[in-house]
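Reading through the structure tokens given below for one structure.
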Amino acid sequence: MNPLGRIHNFGAGPATLPLEVVEECQNSLPNLNASGFGLIEISHRSETFQKIVDSAMERLRRILSIPEDYTVLFLQGGASLQFYMSALNLLKTGEKVDFLVTGTWSQKSMKEAMRIGDASSRWDDSENGFTSIPKNGDYSVRKDAVYLHYTSNNTLYGTQYHHLPESYGKPRVLDASSDIAGVPIDVGAHDLIYAGAQKNLGPSGVTVVILSPWAMGRVNQNIPTMLDYSVHSSKGSLFNTPNTFGIFVLDRVLKWVEDNGGLEGSITRNIAKSNLLYEELDRSDFWKPHAEKDSRSVMNVTWRLPNIKLEEKFLEEAMIAGLGGLKGHRSVGGIRASLYNGCPIESVEALVSFMRNFESCNR
Ligand SMILES: *Cc1c(COP(=O)(O)O)cnc(C)c1O
């Protein structure tokens, strides 16, 4: 625990942010960048705020190497709105769209696409409790599917792709909510990427959407204004009042990423953190990791203990030791440690040392 009484926060989202970013928010609340206006009291039409939007967009483009002809939007409604909005913009009624179903979030996105098109699951691991990721060749894509949708990191289950899934020439649409800017990504190999900010990028209430020229060209004209990508694009994400606070924090987190080695720095740290934890999970059969080894996530690590009583004891004693947010999602149970960009390696070291002690007292 640090002097402010902050715990080591392993929560899945909204998730821990670098302390210096939190302190910048604190300092900007009464007066943002010497404008005289407070951070949550300033017009989204002001020059001060426009600079922040521009800065966040530029930083995101640099960090992710987003091709110049791609569009970047900051929207509201979370990734959950994008499940529907992406399909509404890209599909005409009844058109085919294929899904790789690797968890609850994939299921939910497919359910929303079904409202518009003929959505089909091409691979589904639900019978095995979503412990793995498909390999190329494990599935096929329909010849007349408009695109292939997948979820790069499965936040609840702790599984993650470590390769670009084969799409057989179809455009790829990606929900990258829980690993954007934390793992390598080839943006140009995708036509639409969306991500809620609250895991790797900032607070809840901002959703990053990245669109290729193909995706922008598909946008269906006869849809509600607020759900139309081309409306938000033509207004630079300021069609209506955006989440000004969220965009400020997003910009500060992206600055922090750039100051700390950019995407490469994040990738290196995330691998080091997750290796440390997986080494402990593999050391003793007291721990029962959920994900298959080749599908393990570097962002969310999930495991069980020998029984539920011990899991409850683990969570209770962890909290007393200053380690919070470790309860697994109810659909998986057990323990989950989220190791997003904002989580420092010191937190993982503290967790592993707690685990060693817990195991020796309880095995
Ligand atoms: C958290 C999460 C979501 C849901 O995000 P909201 O912003 O709450 O709608 C969707 N997909 C993935 C992969 C997530 O991790």
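Numbers for the structure displayed
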quantity: Some residue of the range 171-190 being surrounded by fewer than 19 Cβ atoms within 10 Å (Cβ to Cβ) and more than 21 Å from the chain's Cα centre (by Cα); calculated: no
quantity: Matching residues, the range 1-40, being of a type in the set (D, E, K, R) and loosely packed, with under 14 Cβ neighbours inside 10 Å; calculated: Arg6, Glu20, Glu23
quantity: Residue among Leu250, Leu254, Leu276 that is outside the structural domain of Ser86 (by TED's automatic domain parsing), part of a helix (DSSP H, G or I) and aliphatic (A, V, I, L, M); calculated: Leu276
quantity: Cβ-Cβ under 9 Å pairs, at least 6 apart or on other chains, the range 102-122 side closer than 18 Å to Val141 by Cβ and touching a residue at least 60 places away in the same chain (Cβ under 8 Å), far side charged (D, E, K, R) and within 12 Å of the ligand (Cβ to nearest atom); calculated: Ser106/Asp175; Ser109/Asp175
quantity: Residues satisfying the stated conditions in the range 36-59, i.e. in a loop (DSSP other than H, G, I, E, B) and of a type outside the set (Gly, Ala, Ser); calculated: Phe37, Leu39, Ile40, Glu41, Ile42, His44, Arg45
quantity: Residues located in the range 184-226, provided they are within 27 Å of Asn9 (Cα to Cα) and away from the ligand (no atom under 16 Å from the Cβ); calculated: Pro184
quantity: Residue among Thr71, Thr48 that alone is under 23 Å from Trp256 (Cβ atoms) and away from the ligand (no atom under 16 Å from the Cβ); calculated: Thr48
quantity: Search result, residues across the range 144-197 that are more than 23 Å from Thr268 (Cα to Cα), part of a strand (DSSP E or B) and small (Gly, Ala, Ser); calculated: Ala145
quantity: Residue match in the range 202-212 (condition: touching a helix residue (DSSP H, G or I) at 6+ places or on another chain (Cβ under 8 Å), at positive phi, in a loop (DSSP other than H, G, I, E, B) and surrounded by fewer than 23 Cβ atoms within 10 Å (Cβ to Cβ)); calculated: yes
quantity: Residues satisfying the stated conditions in the range 108-119, i.e. within 16 Å of the ligand (Cβ to nearest atom) and surrounded by fewer than 18 Cβ atoms within 10 Å (Cβ to Cβ); calculated: Lys108, Lys111
quantity: The range 120-178: number of residues that are β-branched (Val, Ile, Thr), within 16 Å of the ligand (Cβ to nearest atom) and in contact with a Gly (Cβ under 9 Å, 6 or more places away or on another chain); calculated: 3
quantity: Pair list, Cβ < 6 Å and 6+ apart or interchain, from the range 77-101 residues that are within 17 Å of Thr225 (Cβ to Cβ) to residues that are more than 16 Å from the ligand (Cβ to nearest atom); calculated: Leu88/Ile116; Leu88/Ile223; Asn89/Val219; Asn89/Asn220; Asn89/Tyr229
quantity: Qualifying residue in the range 95-105 (condition: under 19 Å from Gly205 (Cα atoms) and either buried (at least 20 other Cβ atoms within 10 Å of the Cβ) or hydroxyl-bearing (Ser, Thr, Tyr) (or both)); calculated: yes
quantity: Phe239 being of a type outside the set (S, T, N, Q), part of a loop (DSSP other than H, G, I, E, B) and buried (at least 16 other Cβ atoms within 10 Å of the Cβ); calculated: yes
quantity: Set Asp69, Asp98: member being of a type in the set (Asp, Glu) and within 30 Å of Ser126 (Cβ to Cβ); calculated: Asp98
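The values are calculated or read from the model by the stated rules, or taken from the named source; none is laboratory data. Note that the coordinates shown come from a computational prediction; the quantities given were computed from them, not determined experimentally. When we count neighbours, we look across all protein chains shown, and the Cβ atoms used for this are built from the backbone with ideal geometry, even at glycine.
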